[in-house]
Amino acid sequence: MGKLVNNLVLDAALQYLEDNVDWISACEGAPTTYEHAHSEKGTATGKMLASSATPTFTGPADDADSPYGRKTTIDEEAAVEVLQTGTADHVALCDVGSTALLYVTTCTGQALTDGNTVTFPAWKITFGDPT
């Protein structure tokens, strides 16, 4: 018998992110703890350069790029204030209420300057069916 996972299982994981993420941050370096992703660079172990407490999602849904998977889209966050100067190369999603770092991904390195703004473009998290 081949491998199978019901979409309900994949959707539950994606829905957990949608229900619990209330913080998105652009970080310099890979955050491995909540404190890294939630604290500004230059304070303790902080790596955060810019953040928003209002991330929104669209999904879960079929992934049009892969007919055998599920996705959720993190919607664009425009004109987010840059709090620290540095090069953003990671994006982190956190649950502030439980002080949990839930998801980290890389992004194309972008130089950010304190006082300017940055836009988090829309991006997606995809879980593929088992192969």
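The values are calculated or read from the model by the stated rules, or taken from the named source; none is laboratory data. None of these values were measured; they are calculated from a predicted model. Every residue, glycine as well, gets a Cβ built from its backbone with ideal geometry; the counts of neighbours run over all protein chains shown. All accessible areas refer to the heavy atoms of the entire protein, side chains included, with ligands and DNA or RNA removed. Shrake-Rupley method; radii C 1.70, N 1.55, O 1.52, S 1.80 Å.
Is it true that some residue in the range 16-27 is in contact with an Asp or Glu (Cβ under 7 Å, 6 or more places away or on another chain) and on the phi > 0 side of the Ramachandran plot?
Of the residues in the range 16-27, the ones in contact with an Asp or Glu (Cβ under 7 Å, 6 or more places away or on another chain) are 20-22, 24.
This time we only want the ones that are on the phi > 0 side of the Ramachandran plot, so: none.
No: zero hits.
For the range 76-98, name all the residues that are of a type in the set (Asp, Glu) and more than 14 Å from residue 53 (Cβ to Cβ). Give the derivation first.
Here is the first cut: in the range 76-98, the residues of a type in the set (Asp, Glu) are 76-77, 81, 89, 95.
Across the range 76-98, the qualifying residues are 76, 89.
Residues in the range 19-39: is at least one among the acidic types (Asp, Glu), assigned to a strand (DSSP E or B) and in contact (Cβ under 8 Å) with a residue 60 or more places away in the chain?
At the first step, the residues of the range 19-39 found to be among the acidic types (Asp, Glu) are 19, 22, 28, 35.
Now drop any that are not assigned to a strand (DSSP E or B), which leaves none.
Checked against the condition, which is being among the acidic types (Asp, Glu), assigned to a strand (DSSP E or B) and in contact (Cβ under 8 Å) with a residue 60 or more places away in the chain, the range 19-39 yields no hits at all.
Go through the range 49-76 and count every residue that is open to solvent by less than 50 Å² (accessible area, probe 1.4 Å) and in a strand (DSSP E or B).
The first filter runs over the range 49-76 and keeps only residues open to solvent by less than 50 Å² (accessible area, probe 1.4 Å), leaving 49-52, 55, 57, 59-61, 63, 66, 69-75.
In the following step, the residues that additionally are in a strand (DSSP E or B) were identified as 49-52, 57, 59-61, 63, 66, 69-74.
Total satisfying the criteria: 16.
Scan (1) over 14 Å from the mean Cα position of the chain (by Cα); (2) farther than 17 Å from residue 118 by Cβ; (3) touching a residue at least 12 places away in the same chain (Cβ under 8 Å); (4) surrounded by 15 or more Cβ atoms within 10 Å (Cβ to Cβ) for the single condition residue 85 breaks and write down its number.
Of (1) over 14 Å from the mean Cα position of the chain (by Cα); (2) farther than 17 Å from residue 118 by Cβ; (3) touching a residue at least 12 places away in the same chain (Cβ under 8 Å); (4) surrounded by 15 or more Cβ atoms within 10 Å (Cβ to Cβ), only one is false for residue 85: (2).
Residue 14 passes all but one of (1) outside any strand (DSSP E or B); (2) open to solvent by 40 Å² or more (accessible area, probe 1.4 Å); (3) within 28 Å of residue 130 (Cβ to Cβ); which number fails?
Only one criterion is unmet by residue 14, namely (2).
Which one is surrounded by the most Cβ atoms within 10 Å (Cβ to Cβ), of the residues in the range 88-131 that are among the aliphatic types (A, V, I, L, M), under 12 Å from the mean Cα position of the chain (by Cα) and within 19 Å of residue 47 (Cβ to Cβ)? So that I can check it myself, show each step before the final result.
First pass over the range 88-131, keeping only residues among the aliphatic types (A, V, I, L, M): 88, 91-93, 96, 100-102, 104, 111-112, 118, 122, 125.
Checking which are under 12 Å from the mean Cα position of the chain (by Cα) leaves us with 91-93, 101-102, 104, 122, 125.
Subsequent filtering for residues that are within 19 Å of residue 47 (Cβ to Cβ) retains 91-93, 101-102, 104.
Numbers: 91: 19, 92: 26, 93: 22, 101: 19, 102: 16, 104: 17.
The qualifying residue surrounded by the most Cβ atoms within 10 Å (Cβ to Cβ) is 92.
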